[in-house]
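Let me begin by presenting the structure, written as structure tokens, before commenting on it.
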Amino acid sequence: MRDGVARLVPACAAPSGMVRCWTMASRTLTLSLDLIARAHPDPVADDPDALALLSDAEMAPDLAAMLARRLSPEGGLWVFAYGSLLWSPEFSYHESRVGTVRGWHRRFCLRQHRFRGTLAQPGLVLALERGGLCRGVAFRLDEADPHATLMPVWRREMKGKGYEARWVAVATDAGPLRALTFVANRRSERYTGRLSDADLADTIAAAAGHLGPSAEYLFRTVEACAELGLHDRHLWRLQALVAERLERRAANDPPR
């Protein structure tokens, strides 16, 4: 993607019963990194006390138990990405496939009090919620030592106690596979439930942490989906709503 325009190879019509691919070559993102930078010009200091994080020693038993629930090692070790792992994977991989997970959809439903938000102004990150379907990417990882291979991504997703891990069925053009993914932990204090798009946009537009604005997380995820030919109406609508709010924020707080 250059200049906010998604330029993709035209998508093919999907077989009956499968999700239709989306071509986005003619669509332009309203949200941009330049707009985000103008609306959030000042860096935010990290607050390590804002979010209690689990240690590797605390997380290791749950990862071992998750691997024990793996149905079969045949077919490879896969992780299904639908959010930031699309544009910032926490692993090297041997293969990637665009795929569909049914029974789950991506949605902003986890508060972020650190990283891309603060205690005073929390941001939001994506998780999988029950119902619908989600198009994303399955990555095949090295499986010589599954525990060591998965620990970096397990640490990233599970240390903040906002997610639960699941093995899910992923449909791909090359055939079905099972992959590890991360869904919303509805028992977590970070879980927001289903907020309106307006409330989501207000929160995302206002929040920033030491890793950057919450809006950047949204932008990079929409951009990655666009480049892969994955159209998500929820994300596309949100990026436009957030851009409107950032334009007002930038206009009310001109450069100093």
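The values are calculated or read from the model by the stated rules, or taken from the named source; none is laboratory data. Bear in mind the structure is a predicted one, so any value in this text is a computation, not a measurement. Note that each Cβ is placed from the backbone with ideal geometry, even for glycine, and that neighbours are counted across all protein chains shown.
Numbers below:
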item: Filtered residue count, the range 48-65, keeping only those that are more than 30 Å from PHE219 (Cβ to Cβ) and either in contact with a helix residue (DSSP H, G or I) (Cβ under 8 Å, 6 or more places away or on another chain) or of a type in the set (D, E, K, R) (or both); result: 6
item: Qualifying positions in the range 219-253 - touching a residue at least 24 places away in the same chain (Cβ under 8 Å), polar (S, T, N, Q) and farther than 21 Å from THR172 by Cα; result: GLN239
item: Qualifying residue in the range 146-161 (condition: on the phi > 0 side of the Ramachandran plot and touching a Leu at 6+ places or on another chain (Cβ under 9 Å)); result: yes
item: Options SER96, SER92, SER84; residue that is under 19 Å from TYR217 (Cα atoms) and of a type in the set (Ser, Thr, Tyr); result: SER84
item: Residue in the range 107-165 that is nearest to ASP197 (Cα to Cα), counting only those that are part of a loop (DSSP other than H, G, I, E, B) and among the small types (Gly, Ala, Ser); result: GLY117
item: Residue among ARG178, ARG245, ARG220, ARG233 that alone is more than 25 Å from ARG156 (Cβ to Cβ), among the basic types (Lys, Arg) and crowded, with 16+ Cβ neighbours inside 10 Å; result: ARG245
item: Filter result for ASP199 (charged (D, E, K, R), more than 26 Å from SER55 (Cβ to Cβ) and free of Cβ contacts under 8 Å to residues at least 60 places away in the same chain); result: yes
item: Test for LEU110: is it under 15 Å from the mean Cα position of the chain (by Cα) and among the hydrophobic types (A, V, I, L, M, F, W, C); result: yes
item: Of the criteria (1) out of contact with any strand residue (DSSP E or B) (no Cβ under 6 Å at 6 or more places or on another chain); (2) without any contact (Cβ under 8 Å) to a residue 60 or more places away in the chain, which one GLU164 fails; result: (1)
item: Residue within the range 193-203 that is β-branched (Val, Ile, Thr) and either within 14 Å of ARG106 (Cβ to Cβ) or out of contact with any Ser or Thr (no Cβ under 9 Å at 6 or more places or on another chain) (or both) present; result: no
item: Hits in the range 34-52 - residues which are hydrophobic (A, V, I, L, M, F, W, C) and either over 28 Å from LYS159 (Cα atoms) or out of contact with any Asp or Glu (no Cβ under 8 Å at 6 or more places or on another chain) (or both); result: LEU35, ALA37, ALA39, VAL44, ALA45, ALA50, LEU51, ALA52
item: Cβ pairs under 6 Å, 6+ apart, first in the range 53-76 and within 25 Å of GLN112 (Cα to Cα), second of a type outside the set (A, V, I, L, M, F, W, C) and part of a loop (DSSP other than H, G, I, E, B); result: LEU53/LYS159; LEU54/LYS159
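Residue-wise test of (1) assigned to a loop (DSSP other than H, G, I, E, B); (2) over 21 Å from CYS134 (Cα atoms); (3) modelled with pLDDT of 85 or more.
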{"position": "LEU8", "(1), (2), (3)": "yes, no, no"}
{"position": "CYS12", "(1), (2), (3)": "yes, no, no"}
{"position": "VAL19", "(1), (2), (3)": "yes, no, no"}
{"position": "MET24", "(1), (2), (3)": "yes, no, no"}
{"position": "ASP46", "(1), (2), (3)": "yes, yes, yes"}
{"position": "ALA52", "(1), (2), (3)": "yes, yes, yes"}
{"position": "MET59", "(1), (2), (3)": "no, yes, yes"}
{"position": "PRO73", "(1), (2), (3)": "yes, yes, no"}
{"position": "TRP78", "(1), (2), (3)": "no, no, yes"}
